[in-house]
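For reference, the structure is listed below as structure tokens.
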Amino acid sequence: MWGIPKPQNAITIAVSSRVLFNMDKEQQIYEQKGMEDYLKYQIEHEMEPFAPGPAFPFVKALEAVNTRLRELYPESEELFDVVLMTNSHAHAGLRLINTINHHQLFIERFCMTGGNSPIGYLKAYHTNLYLSADPMKVREALEEGIAAATMFNPPEKRTEVSETQLRVAFDGDAVLFSDESERIFKAHGLDKFFEHEKTHENTLLDHGPLKGFLESLGKLQKKFYAKDQRLDCPIRTYLVTARSAASSGTRALKTLRSWGLETDEALFLAGAPKGPMLEKIRPHIFFDDQMFHVEGASQLGTVAAHVPYGVAQKLPQQKPAKENTKDFNAATK
């Protein structure tokens, strides 16, 4: 069996047990009856594996990338390292271990905090991405500068995803980039937004909360490119933005280039819904800062995660009136 990646060299993905597995019933027991009944239930059912949750295909894809990396670089420690995070008591650990073995996942690091916040542990693990079902913990992580997103129950009709190629899709503003442009739109409207983007097309956008995670993916992609495997790379990244290419796309692409980053594909939708495009891309995860985009993607089968960052979080999260959707979305992303 291969060694465990060393934390200082690995790309650490911290995943809460509630997004890796479906623990809805157990969560309901905890909320309605308390910790003691919850622990008793877990112990009584510890030989029953949990079903996969929304992050499960993503974690399986990380493992597929690791397998390819080990083939090309047997001694390398630059691998994905998945840490299972749970604020449950250690008594519940056996069921999680049994479930991981049942699903043949390679997860060696557990962090069971017994009700305490996991944020301090995330920093100690040098976490590159934290996925949780708890929006409060996700906000706390983002405030500490850790890339994080909230995941929800998987769509009822989940789109089938690749088992051999990890596909990650990102929104632009307030995800890869700061929310600077979004603030202009919210304060001054569509015309001022386009005017601002045109005037500042050579002024780089500041980084957003998930820029570092895209950087980590790019670092591993380059290891495949170095072995002449660009066309057969097991990692593929996408920028899926409602920005218009002609009026506001230049600044986004110039910013990525200045960071030495790229996405394999860039889709400028000019306000069109993201769900149908994501249905074609079939990503393991899509990150967006606005809930109506997350919900729209989920309705069409994509596992989407909410990044609660930026000005959009301070306003009501609702879908705009149908006749204004194009202008609104084009401006806000």
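So is Glu77 assigned to a loop (DSSP other than H, G, I, E, B), in contact (Cβ under 8 Å) with a residue 40 or more places away in the chain, over 29 Å from Gln165 (Cβ atoms) and of a type in the set (Asp, Glu) or not? Can you show your working first?
On the way: assigned to a loop (DSSP other than H, G, I, E, B): yes; in contact (Cβ under 8 Å) with a residue 40 or more places away in the chain: yes; over 29 Å from Gln165 (Cβ atoms): no; of a type in the set (Asp, Glu): yes.
No.
I want to confirm something. Restricting to the range 16-53 and keeping residues that are open to solvent by 70 Å² or more (accessible area, probe 1.4 Å) and closer than 17 Å to Thr150 by Cβ, which single residue is nearest to the chain's Cα centre (by Cα)?
Arg18
Just wondering, is there one or more residues in the range 89-102 that are open to solvent by less than 50 Å² (accessible area, probe 1.4 Å) and assigned to a loop (DSSP other than H, G, I, E, B)? Spell out how you get there, then give the answer.
Just the residues of the range 89-102 that are open to solvent by less than 50 Å² (accessible area, probe 1.4 Å), to begin with: 92-93, 95-96, 98-100.
Still in the running and assigned to a loop (DSSP other than H, G, I, E, B): none.
Checked against the condition, which is being open to solvent by less than 50 Å² (accessible area, probe 1.4 Å) and assigned to a loop (DSSP other than H, G, I, E, B), the range 89-102 yields no hits at all.
Is the range 62-76 home to any residue that is open to solvent by 10 Å² or more (accessible area, probe 1.4 Å), in contact with a Leu (Cβ under 8 Å, 6 or more places away or on another chain) and farther than 21 Å from Arg282 by Cβ?
Yes, the range 62-76 contains at least one residue that is open to solvent by 10 Å² or more (accessible area, probe 1.4 Å), in contact with a Leu (Cβ under 8 Å, 6 or more places away or on another chain) and farther than 21 Å from Arg282 by Cβ.
Residues are listed down the side, and each one gets a yes or a no for (1) of a type in the set (S, T, N, Q); (2) crowded, with 22+ Cβ neighbours inside 10 Å; (3) touching a residue at least 40 places away in the same chain (Cβ under 8 Å):
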residue	(1), (2), (3)
Gly271	no, no, yes
Pro276	no, no, no
Ile281	no, no, yes
Asp289	no, yes, yes
Phe292	no, no, no
Gly296	no, no, no
Leu300	no, no, yes
Pro308	no, no, yes
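Within the range 133-165, can you find the residues that are β-branched (Val, Ile, Thr) and either in contact with a Pro (Cβ under 7 Å, 6 or more places away or on another chain) or under 21 Å from Gly120 (Cα atoms) (or both)?
Within the range 133-165, the subset β-branched (Val, Ile, Thr) is 138, 146, 150, 159, 161, 164.
Of everything in the range 133-165, those that are β-branched (Val, Ile, Thr) and either in contact with a Pro (Cβ under 7 Å, 6 or more places away or on another chain) or under 21 Å from Gly120 (Cα atoms) (or both) turn out to be Val138, Ile146, Thr150, Val161, Thr164.
Taking the criterion of being more than 24 Å from Thr250 (Cβ to Cβ), assigned to a loop (DSSP other than H, G, I, E, B) and more than 18 Å from the chain's Cα centre (by Cα), would at least one residue in the range 213-227 satisfy it?
Yes - at least one qualifying residue is present in the range 213-227.
For Met151, indicate whether it is at pLDDT below 90, touching a helix residue (DSSP H, G or I) at 6+ places or on another chain (Cβ under 9 Å) and surrounded by 18 or more Cβ atoms within 10 Å (Cβ to Cβ). Walk me through how you get there before you give the answer.
On the way: at pLDDT below 90: no; touching a helix residue (DSSP H, G or I) at 6+ places or on another chain (Cβ under 9 Å): yes; surrounded by 18 or more Cβ atoms within 10 Å (Cβ to Cβ): yes.
Judged against the criteria, Met151 is not a match.
The values are calculated or read from the model by the stated rules, or taken from the named source; none is laboratory data. What you are looking at is a predicted structure, and each value in this text was computed from that prediction instead of being measured. Cβ sites come from the backbone with ideal geometry, for glycine too, and all protein chains shown count toward neighbours. Surface areas here come from the heavy atoms of the whole protein model, side chains and all, with no ligands, DNA or RNA. Shrake-Rupley method; radii C 1.70, N 1.55, O 1.52, S 1.80 Å.
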